[in-house]
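This report concerns only the one structure given below.
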Amino acid sequence: MHISTFPYRRVSVIGTTGSGKTTFAGGLARKLGLSHIELDALYWGPNWVGAPREVFRARVEQAVCVPGWVSDGNYRNARDILWPRAQAVIWLDYPFAITFWRLLRRTWRNWRYHQPLCNGNYESLPRQLKFWSDDSIFSWLIKSYGRHKRDYPLLFASPEYRHLEVLRLSSPARAQAWLDNIGEVRF
């Protein structure tokens, strides 16, 4: 493996809820020996209480002060901090059915095995399965999926983000193959 040929040291991994951003970004950060910035962990406090905007932004500012990092997340109120500093964006852009299935499987597994998530939080399966509720992660997937498909290409074309190298991965298999062969595969 020729990891040293991968030229980017500040990478933002994006994708809709359930696409596997955190897992992918963590694997990429480990392979490159960089910090992993999990935006959910900076935003969500105990009992799923979100940080105030100023607090969250300050945490993100502090996290990106290191020379190299891989972030994961779609937080609009942190994009103006992350993307100007990033060199590349990796977009996990999977079909809705795949993303929905992965999210359902992950939510079930986290709930069933009582897996701790960021800052001591746990999945609540009954809350998540209320698709009509704003508290449901599935509701968020349904609301945000189309918006990401529409908005990301427009953002990448805007002058302030034209410096970014963008890699759009259209399937989990392609994303894994790219990660397995990093350094040998070019953008």
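The values are calculated or read from the model by the stated rules, or taken from the named source; none is laboratory data. Just so it is clear, the structure is predicted and the values come from calculations on it, not from any experiment. Heads up, the Cβs are rebuilt from the backbone with ideal geometry, glycines too, and the neighbour counts pull from every protein chain shown.
Some notes on this structure:
- Residue count for the stretch 1-44 under the criterion of being under 20 Å from ARG79 (Cα atoms), out of contact with any strand residue (DSSP E or B) (no Cβ under 9 Å at 6 or more places or on another chain) and not in a helix (DSSP H, G or I): the result is 2.
- In the stretch 2-26, the residues that are farther than 15 Å from ARG85 by Cβ and in contact with a His (Cβ under 9 Å, 6 or more places away or on another chain): GLY15, THR16, THR22, ALA25, GLY26
Okay, residues lined up against (1) under 26 Å from ARG150 (Cβ atoms); (2) exposed (fewer than 15 other Cβ atoms within 10 Å of the Cβ); (3) touching a helix residue (DSSP H, G or I) at 6+ places or on another chain (Cβ under 6 Å); (4) of a type in the set (A, V, I, L, M, F, W, C):
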position	(1), (2), (3), (4)
THR17	yes, no, yes, no
ALA29	no, no, no, yes
ILE37	yes, no, yes, yes
TYR43	yes, no, yes, no
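- Within the stretch 83-105, considering residues that are in a loop (DSSP other than H, G, I, E, B) and touching a Gly at 6+ places or on another chain (Cβ under 8 Å), the one surrounded by the most Cβ atoms within 10 Å (Cβ to Cβ): TYR94
- Only one of ASP80, ASP93, ASP134 that is modelled with pLDDT under 90 and of a type in the set (D, E, K, R): ASP134
- Contacts under 6 angstrom Cβ, first residue in the stretch 51-73 being touching a residue at least 40 places away in the same chain (Cβ under 8 Å), partner among the aromatic types (Phe, Trp, Tyr), 6 or more apart: none
- Sole residue being in contact (Cβ under 8 Å) with a residue 60 or more places away in the chain and among the aliphatic types (A, V, I, L, M), chosen from LEU42, LEU92: LEU92
- SER124 surrounded by fewer than 17 Cβ atoms within 10 Å (Cβ to Cβ), out of contact with any Ser or Thr (no Cβ under 9 Å at 6 or more places or on another chain) and farther than 25 Å from GLY50 by Cβ: no
- For TRP140, the conditions (1) surrounded by 14 or more Cβ atoms within 10 Å (Cβ to Cβ); (2) aromatic (Phe, Trp, Tyr); (3) modelled with pLDDT under 85 all hold with the exception of (3).
- Among the residues making up the stretch 46-69, those that are among the small types (Gly, Ala, Ser) and either part of a loop (DSSP other than H, G, I, E, B) or under 16 Å from SER12 (Cα atoms) (or both) are ALA51, ALA63, GLY68.
- Given (1) out of contact with any helix residue (DSSP H, G or I) (no Cβ under 6 Å at 6 or more places or on another chain); (2) aromatic (Phe, Trp, Tyr); (3) without any contact (Cβ under 8 Å) to a residue 60 or more places away in the chain, number of the condition TRP111 does not satisfy: (1)
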